[in-house]
Amino acid sequence: MSKIMKVKKGLLSNKFVLATSAAGTIFAGAIFLKEYMGGKKFEGNERADDKIVIITGANTGIGKETARELAKRGARVFMACRDIHKCEEAREEIVIETKNKFVYCRQCDLASQESIRKFVQRFKNEQSRLDILINNAGVMRCPQSYTKEGIELQLGVNHMGHFLLTNLLLDLLKTSQPSRVITVSSIAHTRGQINKEDLNSKLKYDPGDAYSQSKLANVLFSKELASRLKGTGVISNSLHPGVVDTELFRHMGFFKSTTASLFVRPLMWPFVKTPKQGAQTTLFAALDESLKETSGKYFKDCAEYPVAPQGDDDSMAKWLWAVSEKWTRLDNK
């Protein structure tokens with residue numbers, strides 16, 4: 001081989017090594033960045049042995065990871081899900097991994113108040129206590145649609161469904177105290193406004209505004225619930241899990257596009273939490289011993305965090321509660 005060929009081969013080899021090294025460095029950097037951006041991990045050793053837990057939307061995303069971790073810690077987990085088949089698949093996976101056979105699937109469609117009432121009736125027939133209720137399920141930026149009762153879907157599922165579910169279970173939560181109600185909200189509540197004149201978004205529908213309104217409703221509900229439960233031994237808190245890569249984005253068509261798949265999602269990947277990372281603040285709110293008497297608060301990255309001014313409006317919280325009672329026919333339990 002001539003000296004020129006050897007030099008060329010050496011240069012190509014060096015370029016390959018440099019390119020490989022650079023790619024490895026970038027990949028390692030992305031992994032480190034994703035871990036860092038994943039936020040604080042709940043490091044508490046608290047067990048949940050024999051605690052009865054309900055988690056809505058537990059067959060996927062944050063709910064599934066929450067169910068998995070609580071099952072590992074010995075809880076008896078009831079997965080309240082709309083799709084019972086997907087729920088069974090997730091339940092089987094969790095049982096096999098955790099060796100905890102006390103994980104159950106129960107159908108509960110938050111877009112149907114009849115389904116919610118049936119779920120509660122069955123649960124009460126089977127159980128005499130409830131230690132932790134995690135209002136986790138949600139829909140985001142969906143096309144204009146409505147629940148079976150005619151409530152705008154995001155408000156109906158994210159808020160009204162959980163409002164009804166929680167209130168129907170309050171008697172068990174009280175007799176099981178100390179107990180906890182955890183409501184998964186979002187930082188989107190900071191952009192939200194409760195539209196008194198068009199709460200159901202009939203006059204004008206914007207999917208982003210409707211989502212933000214529903215997440216603000218979560219915060220106001222959790223805060224008002226804490227006020228009403230003062231002295232009962234039941235605490236109520238809400239939280240922001242972070243921007244998490246879950247099925248919540250399924251209605252946002254752009255993220256399914258080729259452009260997003262090839263360019264946007266890879267760039268966003270280090271900055272978006274995994275479902276396991278997204279579940280950490282929920283676990284903190286549900287289990288951390290330091291929160292035994294902390295109620296009416298909002299958490300982010302396993303720490304208390306201030307809400308937006310509109311999330312601290314007591315008069316609006318009371319107004320929303322009164323409307324929610326009417327829309328869910330709560331007086332007719």
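The values are calculated or read from the model by the stated rules, or taken from the named source; none is laboratory data. All figures in this text were calculated on a predicted structure; none of them were measured in a lab. When we count neighbours, we look across all protein chains shown, and the Cβ atoms used for this are built from the backbone with ideal geometry, even at glycine.
Tell me, which residue of segment 282-333 that is among the basic types (Lys, Arg) and out of contact with any His (no Cβ under 8 Å at 6 or more places or on another chain) is farthest from ASN195 (Cα to Cα)?
Going residue by residue through segment 282-333, those that are among the basic types (Lys, Arg) are 292, 297, 300, 318, 326, 329, 333.
Among the residues that remain, those that are also out of contact with any His (no Cβ under 8 Å at 6 or more places or on another chain) are: 292, 297, 318, 326, 329, 333.
Working: LYS292: 34, LYS297: 23, LYS318: 14, LYS326: 17, ARG329: 21, LYS333: 27 Å.
My answer is LYS292.
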Taking segment 149-193 and the residues there that are part of a loop (DSSP other than H, G, I, E, B) and touching a helix residue (DSSP H, G or I) at 6+ places or on another chain (Cβ under 7 Å), the one that is surrounded by the most Cβ atoms within 10 Å (Cβ to Cβ) would be SER185
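Can you report the number of residues in segment 312-327 which are closer than 25 Å to LYS148 by Cβ, out of contact with any Asp or Glu (no Cβ under 8 Å at 6 or more places or on another chain) and either of a type outside the set (S, T, N, Q) or in a loop (DSSP other than H, G, I, E, B) (or both)? Quick ask: steps written out before the conclusion?
Of segment 312-327, the ones closer than 25 Å to LYS148 by Cβ are 319-327.
From what's left, out of contact with any Asp or Glu (no Cβ under 8 Å at 6 or more places or on another chain): 319, 322-324, 326.
From what's left, either of a type outside the set (S, T, N, Q) or in a loop (DSSP other than H, G, I, E, B) (or both): 319, 322-323, 326.
Summing the residues that are closer than 25 Å to LYS148 by Cβ, out of contact with any Asp or Glu (no Cβ under 8 Å at 6 or more places or on another chain) and either of a type outside the set (S, T, N, Q) or in a loop (DSSP other than H, G, I, E, B) (or both) in segment 312-327 gives 4.
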Please state which one of ASP288, ASP313 is under 30 Å from ASN45 (Cβ atoms), of a type in the set (Asp, Glu), surrounded by fewer than 20 Cβ atoms within 10 Å (Cβ to Cβ) and modelled with pLDDT of 95 or more. ASP288
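Select from segment 319-333 the residues that are basic (Lys, Arg) and either at pLDDT below 95 or in contact with a Phe, Trp or Tyr (Cβ under 7 Å, 6 or more places away or on another chain) (or both) and list them in ascending order.
LYS333, the sole residue that qualifies.
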What pairs can you find where one residue is in segment 62-90 and without any contact (Cβ under 8 Å) to a residue 12 or more places away in the chain, the other is of a type in the set (D, E, K, R) and crowded, with 24+ Cβ neighbours inside 10 Å, and their Cβ atoms are less than 6 Å apart, with a gap of 6+ or different chains? none
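When you go through ILE26, ILE84, ILE96 one by one, which is the residue that is among the β-branched types (Val, Ile, Thr), on the phi < 0 side of the Ramachandran plot and at pLDDT below 95? Reasoning before the result, please.
On the way: ILE84 fails: at pLDDT below 95; ILE96 fails: at pLDDT below 95.
Exactly one of ILE26, ILE84, ILE96 is among the β-branched types (Val, Ile, Thr), on the phi < 0 side of the Ramachandran plot and at pLDDT below 95, namely ILE26.
Having 1 or more residues that are out of contact with any Gly (no Cβ under 6 Å at 6 or more places or on another chain) and farther than 18 Å from ALA286 by Cα is the bar; report the strands (runs of 3 or more DSSP E) wholly within segment 45-118 that clear it.
On the way: elements: 52-56, 76-81, 103-107.
Filter on segment 45-118 gives 76-81, 103-107.
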Return only the number of the condition from (1) of a type in the set (Ser, Thr, Tyr); (2) out of contact with any helix residue (DSSP H, G or I) (no Cβ under 7 Å at 6 or more places or on another chain); (3) at pLDDT 95 or above; (4) assigned to a helix (DSSP H, G or I) that THR294 does not satisfy. (4)
